[in-house]
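What follows is one structure encoded as C-alpha cells, with my remarks underneath.
The values are calculated or read from the model by the stated rules, or taken from the named source; none is laboratory data. These numbers come from a predicted model, not from an experiment. Cβ sites come from the backbone with ideal geometry, for glycine too, and all protein chains shown count toward neighbours. These accessible areas exclude ligands, DNA and RNA; they are computed on the full protein's heavy atoms, side chains included. Shrake-Rupley method; radii C 1.70, N 1.55, O 1.52, S 1.80 Å.
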Amino acid sequence: MLPDGLKVAAISLGCAKNRIDSEEILGCLLTAGFILTDDCRDADLVIINTCSFIEEAQQESVNTLVQTAEELRGSDTVLVVAGCLVEIYGPKIIKNIPAVNGAIGVHSYRHLNKFLALVFRGLRVTLQCAPSSQYCSLYPRLLTRPPYSACVRIAEGCSNRCSYCLIPAIRGSYRSRDPQEITAEIDNLLSSGTREIVLIAQDTTAYGSDHPDYPDLNGLIKLILERKDKFWLRIMYTYPSRIKERLIQQISEDKRICRYLDLPMQHSSDKILALMNRSYRQHDLKLLIDRLREKIPGIALRTTCMVGFPGETKKDYLTLLEDLAAFKFDHLGTFTFSLQEGTAAGNLPGKVPLRIAKRRLNELMRRQQSISLASNKILIGKRLTVLIEGKRDSGQNWYYGRTEFQAPEVDGRVLLFSWKHLKPGDWVSAEIVAASPYNLLAAKTVPLPGGPI
C-alpha cells in the first residue's frame, strides 16, 4: 500500500496518444491519494512518460531523463520512467541510469499501484507486460490541457507493419476500443464543457477491423453524432487507402465534423511506398485528394512526409516535391528517416546521407510555405467560426483560437481582436483579414453563444 498525501509530478513527451497515457496514470494516482504538483523538486514521485517513435524522440526522452535526474540530485524524490522507451530498452534503463528508481512499459499501467509500492520500498523494478487482448481505458483521465478540446483514443497498437515503424513492436497489434466506452467518455467530456472531440489512434480508419462485433469508423462516427450537443468532431491519422466513400459523405453532410482530414501519406514515389510497405500508390493518392476536394468543398488536408528513406534517389525525391506542389496540402509535417533496430527498413540498402536528407527536408518546408500561404489567402474575406483558446499576453483585446481547418498543436492559429471579453472554449464568428503561411488574422468578431452551427 502507498501512503496518502504523496505528491506526484509528470512529464509527458511525444504524441497525443502518449499524453492520454499520462492522463490515465495521473487519474489512477489521484484516485490512490496522490496530490498533483507541477514542480518536480516539490514532488515525492516524478514520472517521465517517454516517446521512441524516431531517434530524435528517443534522444529527447533520454535528455529529459538526465536533466530531471540532475535537478533531483540529493533529494528523496522517486524517479520513474514510463512509456515507449521502456519497451525498447527495458532493464538497460535501470542498469545504466542509477538515478532511475523504476521503469514501467506501456502495457503495464494496470499494475501501476503494485509497481509503485515495490519502488517506494526501495526495489529498483522494471515492469514490462505483454499487450492485453482487448484495449480499454484503465483509469478516469485527469485532463492536463484546457477541457474545451480533448483527444479521444479509439484504438491502441497498429497492424499496418510499415517497414520503418516500431509502433507494432512497442504498442502491439491493432485493438479497437469498445464503442460504448468511447461514447461514454465523449458524453462525460461534453458535459464537462468540451467543444472539440479529436478522434485519434495509430490508424483511425482501421477502427473495428479487428473486432467483428464493432462498427467500422463510419459506424462509430454515426454513434457519436447521435448526440444533440453542438461540438466539433475532428478525425486524425486516417490511412489513405482506408478512407471510404461513406466517410467522405459523412464529412460533407454533418457540419459538426470538421472539414479537415489528416492523411499521413509519407511519400508519393511508388518505389518508396512499396519499400515502406504502404498499401497505396501515387495514383491512388491523386484520386483520393481529387475526390475529397470534389465532395467536400473547402476541406483542409494535412499530411506528413518522410525524406531520406533507404533507396530514395533524387528522382524519388523530385517526384515527392512535384506531387506536393500538385496536391497542395494545406498543412505539412516532414521528418527525416530514422533508423530503428528491429524494423525491416533497417536492413535496406541505399542509405541516404543525413546531410542530404536534411537538405531535402528544408527544401520541402520552404516550398510548402508558399503553398500554405496561398491556401490561407483564399480564406481572406471569409467569415469563419473560431474556437477561442486564450488571450494574448500583449494587447488587452487580442485573443487566439482555431478554425475547423486547424488541428490543435500541429497547425497554425487565428489571432483576432474583440471588444467583448472572451474566454477559452467560446465560439465566435470572425472575418479573416490577413494571412501568413501558418496563421490567420481576424476582425469583426461576433460571439456565437449557441455554438458553432
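Check the stretch 120-127 and report whether any residue there is in a helix (DSSP H, G or I), out of contact with any helix residue (DSSP H, G or I) (no Cβ under 7 Å at 6 or more places or on another chain) and at pLDDT 90 or above. It would help to see each step written out before you state the result.
Keep residues of the stretch 120-127 that are in a helix (DSSP H, G or I), which gives 120.
Still in the running and out of contact with any helix residue (DSSP H, G or I) (no Cβ under 7 Å at 6 or more places or on another chain): 120.
Right, trim to at pLDDT 90 or above and you get 120.
Yes, there is a match, as at least one residue in the stretch 120-127 is in a helix (DSSP H, G or I), out of contact with any helix residue (DSSP H, G or I) (no Cβ under 7 Å at 6 or more places or on another chain) and at pLDDT 90 or above.
How many residues are among the charged types (D, E, K, R), open to solvent by 20 Å² or more (accessible area, probe 1.4 Å) and touching a residue at least 60 places away in the same chain (Cβ under 8 Å) when one looks only at the stretch 186-200? I'd like the intermediate steps shown before the answer.
If we filter the stretch 186-200 for residues that are among the charged types (D, E, K, R), which is where we start, we get 187, 195-196.
Narrowing the set further to residues that are open to solvent by 20 Å² or more (accessible area, probe 1.4 Å) leaves 187, 195.
Going one step further and asking which of them are touching a residue at least 60 places away in the same chain (Cβ under 8 Å), we end up with 195.
Residues that pass the stated criteria total 1.
Only one of Leu318, Leu287 is over 30 Å from Leu384 (Cβ atoms) and open to solvent by 30 Å² or more (accessible area, probe 1.4 Å). Can you tell me which? Walk me through it before giving the result.
On the way: Leu287 fails: over 30 Å from Leu384 (Cβ atoms).
The match here is Leu318.
Could you tell me how many of the residues in the stretch 290-315 are open to solvent by 70 Å² or more (accessible area, probe 1.4 Å) and either closer than 17 Å to Leu361 by Cα or among the hydrophobic types (A, V, I, L, M, F, W, C) (or both)?
To start, the set of residues in the stretch 290-315 that are open to solvent by 70 Å² or more (accessible area, probe 1.4 Å) comprises 290-291, 293-295, 297, 314-315.
From the residues that got through so far, the ones that are either closer than 17 Å to Leu361 by Cα or among the hydrophobic types (A, V, I, L, M, F, W, C) (or both) too are 314-315.
The total comes to 2.
Contact annotation: residue pairs with Cβ atoms under 6 Å, 6 or more positions apart or on different chains, pairing a residue in the stretch 74-88 that is crowded, with 20+ Cβ neighbours inside 10 Å with a partner that is in a strand (DSSP E or B) and of a type in the set (S, T, N, Q), are Ala82/Asn49; Gly83/Asn49; Gly83/Thr50; Cys84/Thr50; Leu85/Thr50.
Quick one: which strands (runs of 3 or more DSSP E) sit completely within the stretch 324-431 and have at least 2 residues that are free of Cβ contacts under 8 Å to residues at least 24 places away in the same chain?
Values: elements: 331-336, 383-391, 398-402, 414-417.
In the stretch 324-431, 398-402 are the strands (runs of 3 or more DSSP E) which contain 2 or more residues that are free of Cβ contacts under 8 Å to residues at least 24 places away in the same chain.
Scanning the stretch 1-38 for residues that are at pLDDT below 90 and charged (D, E, K, R) returns Asp4, Lys17, Asp38. Going through (1) closer than 23 Å to His211 by Cα; (2) among the basic types (Lys, Arg); (3) modelled with pLDDT under 90 one by one, Arg110 falls short only on (3). Does the stretch 167-185 contain at least one residue that is in contact with a helix residue (DSSP H, G or I) (Cβ under 9 Å, 6 or more places away or on another chain), among the aliphatic types (A, V, I, L, M), open to solvent by less than 40 Å² (accessible area, probe 1.4 Å) and assigned to a loop (DSSP other than H, G, I, E, B)? Taking every residue of the stretch 167-185 in turn, none turns out to be in contact with a helix residue (DSSP H, G or I) (Cβ under 9 Å, 6 or more places away or on another chain), among the aliphatic types (A, V, I, L, M), open to solvent by less than 40 Å² (accessible area, probe 1.4 Å) and assigned to a loop (DSSP other than H, G, I, E, B).
Of the residues screened, Val446 is one that is touching a strand residue (DSSP E or B) at 6+ places or on another chain (Cβ under 6 Å), under 21 Å from Lys255 (Cα atoms), open to solvent by 40 Å² or more (accessible area, probe 1.4 Å) and of a type in the set (A, V, I, L, M, F, W, C).
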